[in-house]
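A.B. asks: This is the structure I want to talk about, given as structure tokens.
The values are calculated or read from the model by the stated rules, or taken from the named source; none is laboratory data. All of these numbers come straight from a predicted model, not from anything done at the bench. Ideal geometry is used to build each Cβ from the backbone, glycine not excepted, and the neighbour counts take in all protein chains shown. For accessibility, only protein heavy atoms count, side chains too; no ligands or nucleic acids. Shrake-Rupley method; radii C 1.70, N 1.55, O 1.52, S 1.80 Å.
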Amino acid sequence: MAHHTITVTINGETEIVTVPSHMTLLEMLREELALTGTKNGCASGECGACTVMMNGAPVNSCLVLAVETDGAEIMTVEGLAHDHTLDPLQEAFVESGAVQCGFCTPGMLISSKSLLMRNPNPTDHDIREALVGNLCRCTGYVRIVDGVRQAAKLVASDTK
Amino acid sequence: MKPAPFEYHAPATVEQALELLATHGYDAKILAGGQSLIPTMNFRLAQPAILIDMNNIPALRYIEPTPAGGVRIGAMTRYQTAERSPLIAERAPLVAEALPHIAHPQIRTRGTMGGAIAHADPAAELPAVCVALGARFKLRRGTQERWIAAEDFFVGLFTTLLEPDELLLEIELPPLPARSAWAFTEVARRHGDYALVGVAAGITLDDAGNCADVRLSFLSVGDRAVLAHNAIAALKGHPPTAETIAHAAAIAAADDIAPNADIHASVDYRRHLAKTLAQRALTQAAERASAG
């Protein structure tokens, strides 16, 4: 079984990891780097629970091989909060009640973060389109969309 | 829920990739975006012995104008790049309209234009769009290049004219005729799901307002993307009225397609969708052509 040593930036930290060729990015994050915030749902790109950012855009980490991330920048849900301060998105999710069981939340947050980085003032339609690849089986999306909208407002009022 | 072990190669050039393919042929799989391949590997439906990863070949990522007025798209161009390309929006509005229907943002970040073509999923948007546009594909094997028309390239379920040691390098979209317009529509149970039926339509008007040319193709109605020859012949030369379009759409649904039934839709329902969607797409294309 072939192994490969890759250099990948994860949440701003450079990691040098030796991985077998058939390891997915999701497995590397959870099993090798103990970043278990990213969840394993369907392993087929349907549910979005494993969504992380790769070079600034959302991907399903179950559908990317770890070796493919050599030289890439990855952001997981663990990279959102800084110095014990939550990201505005996380704050807004808490306030809006956008979290119930929490399994979809890391993926929801990363998809939402990608949206807000690209489009700080999204319409509800933009929010729903950005989250179409993330399934939630608890809250029914309304509060999640509320959370993203509120986060956009929080960021806008902070930067005024 | 994880892939079986395989040997991994990441060539930096097309030539290196072709050499690997020449050596390993049938045992090797090409990894483009991986958004169809990796799920099948996760479930061990595919267990390739060797994977040739094309993601380190920047020379295959481009969207460029052709002198004739068309667009050349490198096989490793990602959906997301194409979706945000002003050149595609201007010169291939049908592609721009169809792209957001492909899966969801996570998949479009990674999935590639060439991967979709080589994979030849009959439910995929891009093969049907390429067939409608009369695109052609550049293939290479060793030092030999050949061009294949989209309609000839897809020969069956997940099957194309690509040889085991041959690579798809480029999608070339022809220039759009004057007074032509296009439309894409599909029905899926949820946005991003595989469409039950999808339609790409194009109409070119002549000076008298008749259809000088008609293009109509379907996805999810059989084992490959289908060009609706009978419907096209029925509408060509006629003005695109509600009656002529309804007639052509009915012919398409009855004579041009051979849909299968599955748990999501019966044959009759697929034919019904094909007719209704063809009518809508042709009507929209005709309105856009008249307005433009």
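A.B. asks: 5 Å is the cut-off here: which amide hydrogens, built 1.01 Å from N in the peptide plane, fall below it relative to B:Tyr8, excluding neighbours closer than 5 in sequence?
C.D. replies: Amide H to amide H, under 5 Å and 5 or more residues apart or across chains, B:Tyr8 pairs with B:Leu51.
A.B. asks: Another question, if that's okay. Whole-Hz ³J(HN,Hα) for each residue in the stretch A:151-159, computed from phi via Karplus 6.51 cos²θ - 1.76 cosθ + 1.60 with θ = phi - 60°, x for glycine and proline: what do you get?
C.D. replies: 4, 4, 5, 4, 5, 5, 6, 5, 8
A.B. asks: In Å², and per residue, what accessible area does the protein assembly as shown have when probed at 1.4 Å with the other protein chains present?
C.D. replies: Per residue, the protein assembly as shown has an accessible area of 43 Å².
A.B. asks: Work out how far the C-alpha atoms of chain B reach from end to end along every principal axis, then list the three figures in whole Å, largest first.
C.D. replies: 58, 47, 31
A.B. asks: Say the dipole of the protein assembly as shown comes from +1 at the beta carbon of Lys and Arg and -1 at that of Asp and Glu; which of B:Pro259, B:Pro67, B:Ile30 then lies farthest toward its positive end?
C.D. replies: B:Pro259
A.B. asks: While we're here: In degrees, nearest 10, range 0 to 90: what is the angle between the Cα axis of helix B:242-251 and the longest Cα principal axis of chain B?
C.D. replies: In chain B, helix B:242-251 runs at an angle near 50 degrees to the longest axis.
A.B. asks: Based on Cβ point charges of +1 for Lys and Arg and -1 for Asp and Glu, what charge dipole magnitude is obtained for chain A about its Cα centre, in debye rounded to the nearest 20?
C.D. replies: With only Lys, Arg, Asp and Glu charged at Cβ, the dipole is about 540 debye.
A.B. asks: Checking the cross-link filter: which lysines have an alpha carbon closer than 18 Å to that of B:Lys275, excluding same-chain neighbours under 8 positions apart?
C.D. replies: Leaving aside lysines fewer than 8 places away in the same chain, those within reach of B:Lys275 are B:Lys236.
A.B. asks: Now for a separate question. Amide H neighbours of B:Arg179 under 5 Å, counting only residues 5+ apart in sequence or on other chains, H built in-plane at 1.01 Å?
C.D. replies: none
A.B. asks: Which value, in debye to the nearest 20, gives the size of the charge dipole of the protein assembly as shown about its Cα centre, when Lys and Arg are +1 and Asp and Glu are -1 at the Cβ?
C.D. replies: Once rounded to the nearest 20, the dipole reads 820 debye.
A.B. asks: Rounded if a/c is under 1.5, else prolate if a/b beats b/c, else oblate: with a ≥ b ≥ c from the C-alpha gyration tensor eigenvalues square-rooted, which is the stretch B:11-104?
C.D. replies: oblate
A.B. asks: About its Cα centre, how strong a charge dipole does the stretch A:3-79 have in debye, to the nearest 20, once Lys and Arg get +1 and Asp and Glu get -1 at the Cβ? Before the final figure, lay out the partial values.
C.D. replies: Numbers: 2 positive and 10 negative charges, 35 e Å.
Dipole about the Cα centre, nearest 20: 160 debye.
A.B. asks: Follow-up question, since we're still on this one. Quick one: Karplus J couplings for the stretch B:88-104, per residue in order, coefficients 6.51, -1.76, 1.60, θ = phi - 60°, nearest Hz, x for Gly and Pro?
C.D. replies: Working through the residues one at a time gives 5, 4, 7, 9, 9, x, 5, 5, 4, 6, 7, 4, x, 7, 7, 6, 9 Hz.
A.B. asks: Over the Cα atoms of the protein assembly as shown, each weighted equally, I'd like the Debye log10 I(q)/I(0) at q = 0.10, 0.12, 0.14 Å⁻¹, rounded to two decimals.
C.D. replies: Here the Debye-derived log intensity ratios amount to -0.77, -1.06, -1.33.
A.B. asks: Of the options B:Thr159, B:Ala181, B:Thr143, report the single residue whose Cα projects farthest towards the positive end of the charge dipole of the stretch B:130-194 (beta-carbon charges: Lys, Arg +1; Asp, Glu -1).
C.D. replies: Positive-end residue among those listed: B:Ala181.
A.B. asks: Let me ask something else. Cα to Cα, under 20 Å, and not fewer than 8 places away if on the same chain: which aspartates and glutamates meet these conditions relative to A:Lys153?
C.D. replies: Hits, sequence-local ones excluded: A:Asp87, A:Glu91, A:Glu95, A:Asp124, A:Asp126, A:Glu129.
A.B. asks: What list of ³J(HN,Hα) couplings, whole Hz, do you get for the stretch B:229-239 from phi and the Karplus terms 6.51, -1.76, 1.60, once you set θ to phi - 60° and write x for glycine and proline?
C.D. replies: 4, 5, 5, 4, 4, 5, 8, 4, x, 9, x
A.B. asks: Looking at the stretch B:36-67, which residues lose a minimum of 40 Å² of accessible area between their chain alone and all protein chains in place, measuring with a 1.4 Å probe and not counting ligands or nucleic acids?
C.D. replies: Correct list: B:Ile38, B:Asn42.
A.B. asks: Then there is this: Could you list log10 I(q)/I(0) for chain A at q = 0.16, 0.18 Å⁻¹, which the Debye formula gives when each Cα is one point scatterer?
C.D. replies: Treating every Cα as an identical point scatterer, log10 I(q)/I(0) equals -0.86, -1.05.
A.B. asks: Which lysines does B:Lys2 reach when only Cα atoms under 30 Å apart count, and residues fewer than 8 places away in its own chain are ignored?
C.D. replies: Here the lysines satisfying the reach criterion relative to B:Lys2 are A:Lys39, A:Lys113, B:Lys29.
A.B. asks: Further question: Compactness ratio of the stretch A:88-159: Cα Rg over 2.2 N^0.38 Å, N = residue count?
C.D. replies: Cα Rg divided by the expected 2.2 N^0.38 Å: 0.97.
A.B. asks: Continuing with this model, one more query. List the accessible area buried at the contact between B and A, summed over both sides and calculated with a 1.4 Å probe, in Å² to the nearest 100.
C.D. replies: Approximately 2400 Å², summed over both chains.
A.B. asks: For the stretch B:58-173, would you read off the P(r) tail past 24 Å as a percentage of all alpha carbon pairs?
C.D. replies: So the pairs more than 24 Å apart make up 17 percent of the total in the stretch B:58-173.
A.B. asks: Among B:Ala59, B:Ala195, B:Ala278, which one shows the biggest mean-square fluctuation in a GNM of chain B, springs joining Cα atoms closer than 10 Å?
C.D. replies: B:Ala59
A.B. asks: Name the shape class, rounded, prolate or oblate, that the alpha-carbon gyration tensor gives for the stretch A:1-65, where a ≥ b ≥ c are the square roots of its eigenvalues, rounded holds for a/c under 1.5, and otherwise prolate holds if a/b is larger than b/c and oblate otherwise. Provide the component values of the computation, followed by the final result.
C.D. replies: Values: a/c = 1.77, a/b = 1.28, b/c = 1.38.
It comes out oblate by the Cα gyration axes.
A.B. asks: Still on this structure, I have one more. Using only helices, what value at 222 nm comes out for chain B when you add -39,500 (n - 2.57) per DSSP H run of length 4 or more and divide by the total residues, to the nearest 500 deg cm²/dmol?
C.D. replies: The per-residue figure over chain B is -9500 deg cm²/dmol.
A.B. asks: Using a 7 Å offset from the Cα along the Cα-to-Cβ direction at both B:Ser290 and B:Leu161, what is the distance between the two label points in nm, to one decimal?
C.D. replies: 3.8
A.B. asks: Moving on to the next point. What 222 nm value per residue comes from the helices of chain A, counting each DSSP H run with n ≥ 4 as -39,500 (n - 2.57) and dividing by all residues, nearest 500 deg cm²/dmol?
C.D. replies: Here the helix-only value at 222 nm equals -9500 deg cm²/dmol.
A.B. asks: Would you pull out the residues with amide H under 5 Å of B:His264's amide H, same chain only if 5 or more places away, H placed 1.01 Å from N?
C.D. replies: When sequence neighbours closer than 5 places are left aside, there are no close amide H contacts.
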